[in-house]
Amino acid sequence: MSDPSSRAATVDAARESIARGSKSFAAASKLFAPKVRERAWLLYAWCRACDDIADGQDHGHGMTGVADGPERLAAMTAKTEAALAGVPVGEPAFDALRLFAAETALPPALPRDLIAGFALDAEGWRPQTEQDLYRYCYHVAGVVGSMMAIAMGVSPDDHATLDRACDLGLAFQLANIARDVAEDARAGRCYLPQDWLDEFGIPADALLAPEYRDRLGLLGERLGLLAARYEESARYGTPALAFRSAWAVLAAAGIYGAIGRSVATLGPRAWDARVTTSRQAKLGFMRRAFDEARRRRVLYPASTRDATLWTRPR
């Protein structure tokens, strides 16, 4: 039996991590029932730590290029595998995964799929096609959506609901990529598919050059619109969730979806300053999501998922 005080300390560290790393997700997590909320924090803490290790960041801030990507990946993988095996790691974020996996019977393939996304970054991988982009988004975010659904009580065998949860992760990552084009470029990274850049005549190593800004704005708009498609699909998974979980998911969809929509609207000006969602707007999305959650079975009736959307691997 685990030590309750040790669990409490790990949960406290996870709560601090989400408060520092993402005000949007921290706000949405408050809507969960207590048990689900704690598990969301635990999962977030591990994901955040892996992301920070891979990018040389501190809770998602101050990205710097890293020269030792493979070594960072090896350390991350070893600690993750120890956590999945139930071995105390001695680092709060990885012990958070250990607790989360044990409490939810998490399929190990899912966290390993997330690690595979960081492996792509460590290899200096870049998407060549739109399909490559979706595969990357799955590995770094879509799989997190699926794990979050499991935290909310969705069975690992409920593929239809996990597909919708993955869609929300894809939507968030597409919006992330759109918002962070400039920050990524300064760190020597580009997540825009090469065939998109070829289509618009934009050199990957000169994304931020003033002469390409208007064309880059069109790609930001494309990403924002794609994010909106996956966000809309994700909403149809909420009838499978308890009310408070559905409320939190719909609030997060609105809060984070606003980032992608803002990039699409701003066009060439999207990278003049970091796009954020104001506190007032967050509260508005929470209020709207409450009503949507109450009416979710009417608003989002059972339906077949759009076959043209990218589908996660089984």
If you take the Cα Rg of the chain and divide it by 2.2 N^0.38 Å, with N the number of residues, what do you get?
0.96
Where Rh is the Kirkwood radius over Cα pairs, Rg/Rh for the range 198-240
1.25
Taking the Cα centre of the chain as origin and charging only Cβ (+1 Lys, Arg; -1 Asp, Glu), how large is the dipole, in debye to the nearest 20?
1540 debye
With only helices counted (DSSP H, runs n ≥ 4, each -39500 (n - 2.57)), the per-residue ellipticity at 222 nm for the chain, to the nearest 500, works out to -21500 deg cm²/dmol
Sort 32-40, 208-216, 255-263 by packing, meaning the average of other beta carbons within 10 Å per residue, with the highest value first.
255-263, 32-40, 208-216
The Cα radius of gyration of the range 172-314, divided by 2.2 N^0.38 Å with N its residue count, comes to 1.17
Could you work out the per residue convex hull volume over the alpha carbons of the range 134-202, in cubic angstrom?
94 Å³
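Over the range 70-170, with every protein chain in place, what whole percent of the accessible area is carbon and sulfur at 1.4 Å, could you tell me?
58 percent
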Centroid-to-centroid separation of the range 228-258 and the range 124-161 [C-alpha atoms, Å]
15 Å
Semi-axes of the equivalent ellipsoid of the range 229-302: what are they in whole Å, largest first, if each equals the square root of 5 times a C-alpha gyration tensor eigenvalue?
26, 14, 8
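If we count every other residue with Cβ under 10 angstrom of A175's Cβ, Lys/Arg +1 and Asp/Glu -1, where does the sum land? Before the final figure, lay out each step's value.
On the way: positive: R179, R261; negative: D180, E231.
Its environment carries a net charge of 0.
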State the volume of the convex hull built on the alpha-carbon positions of the range 171-212, expressed per residue in Å³ and rounded to an integer.
71 Å³
In Å and on Cα atoms, what radius of gyration and Dmax does the range 37-191 show?
15.0, 41
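The values are calculated or read from the model by the stated rules, or taken from the named source; none is laboratory data. Please read these numbers as outputs of a predicted model, since none were measured by experiment. Virtual Cβ from ideal backbone geometry, glycine too; neighbours counted across all protein chains shown. Side chains included, ligands, DNA and RNA excluded: accessible areas come from the protein's heavy atoms. Shrake-Rupley method; radii C 1.70, N 1.55, O 1.52, S 1.80 Å.
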